[in-house]
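Okay, structure first, notes after.
The values are calculated or read from the model by the stated rules, or taken from the named source; none is laboratory data. Keep in mind that this is a model prediction, so the values were computed, not measured. Glycine gets a Cβ as well: all are built from the backbone with ideal geometry, and neighbour counts include every protein chain shown.
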Amino acid sequence: MAAIIEATDLVVSRGGREVVRVPRIDIEEGETLALLGPNGAGKSSLVFALASLLPASGELRFRGEVVRDHVAYRRRIAVAFQRPLLLDRSVLDNVALGLELRGVPRPERERRAHEALTRIGVGSLGRRPAWALSGGEAQRVSIARSLAVRPEVLFLDEPFGGLDAPTRESAIADLGNAVRVDGLTTVLVTHDRDEALSLAEHVAVLIDGRVRQADRAEVVFATPADPDVAAFVGVENILPARVASSDDELTHLEVGRHLLEVTASAPPGEEFPLVGIPPDDVVIARVAPATSARNTFDGRILRVEPIGRRVRVVLDCGFPLVAHVTHRSARELELRAGDDVVASFKATVPHLLPRHRRN
């Protein structure tokens, strides 16, 4: 698939300080790319530079041509900001605003505005005044306004950051359906891993203004490039290890006083690599289960901590290990601090990491 936007040697500075430096980033037509990273990583600065809303050095290409007329370029894209900017008009008039500025006749712009509201799940709000909207409704209206102009690329700057969990989940589902139906190229800024996984085919992880890893979402989450990326995508278990042996099928890692079996290959005798184990892939049982998992360890529960839809279980298995289980599993297993349990995970789960970040 061809890239619709290509940026090369992109550098953004603010107040004399460099906040983003990206040697190369491509956005493929029809894909959703999530710019994922912690607060202050430079995600919004990067997306505003890609949308030509923030000065940057480097080269920006759109459909293969260098962007020189930035006004003409911005008329072919749309941006929805984290805080909705709505006028003191009706919802329908707010959504139709971009079409009005483009000279679209009133009947056509009202039809397209209503269509955009319906697609984002708020079709009944058209006649309501904008000041009467809830935060979630206002954010959907802002997104609908961007969809109404039928942009070639849609940029979204943390559009769901201020919403409560049920409202956010519903809005994410409606947006996902809307962009998939049209095959609309979308760039999403977020620090929420679940949001990125729900909406994006590709993910670029930004840390300290640099793209540390960019790949298909499942690749980034399964095989993070370095410890910082691993920690950000939710790999809580990052442990020092030593390669004891390795062949074409399995690597044995010394972690604490235990041996882990891993399908990844590594040079024998390598000192202290790191191994990442996603907590969602750790299974807890009261007794050793009949399973194909090659890694099974006795452990003692140190803490049981509810976190949203999951329960975080901190274990001492002779090495520290964190598992995430469902609330139902936690209730059925009656997990409590001080209990002895069995933790297991497959040999395909651990991922070897370099000790230092990749430049």
I'd like the full set of residues that are within 14 Å of Pro84 (Cβ to Cβ), among the aliphatic types (A, V, I, L, M), surrounded by fewer than 24 Cβ atoms within 10 Å (Cβ to Cβ) and within 16 Å of the chain's Cα centre (by Cα), limited to segment 145-175.
Ala171
All strands (runs of 3 or more DSSP E) inside segment 7-72 with 3 or more residues being over 19 Å from Glu195 (Cβ atoms) and free of Cβ contacts under 8 Å to residues at least 24 places away in the same chain
17-28
Of residues in segment 73-113 being of a type in the set (Gly, Ala, Ser) and either surrounded by fewer than 20 Cβ atoms within 10 Å (Cβ to Cβ) or not assigned by TED's automatic domain parsing to the domain that holds Arg61 (or both), the one nearest to the chain's Cα centre (by Cα):
Ser90
Residue check: is Ala230 in a helix (DSSP H, G or I) and either among the basic types (Lys, Arg) or buried (at least 17 other Cβ atoms within 10 Å of the Cβ) (or both)?
yes
Checked segment 22-39 for anything more than 15 Å from the chain's Cα centre (by Cα), surrounded by fewer than 19 Cβ atoms within 10 Å (Cβ to Cβ) and over 28 Å from Val181 (Cβ atoms); matches are Pro23, Arg24
Please work out if Ala264 is in contact with a His (Cβ under 9 Å, 6 or more places away or on another chain), in contact (Cβ under 8 Å) with a residue 12 or more places away in the chain, of a type in the set (A, V, I, L, M, F, W, C) and not in a strand (DSSP E or B).
yes
Looking at Ser329, is it among the hydroxyl-bearing types (Ser, Thr, Tyr), surrounded by 11 or more Cβ atoms within 10 Å (Cβ to Cβ) and within 17 Å of Leu239 (Cβ to Cβ)?
no
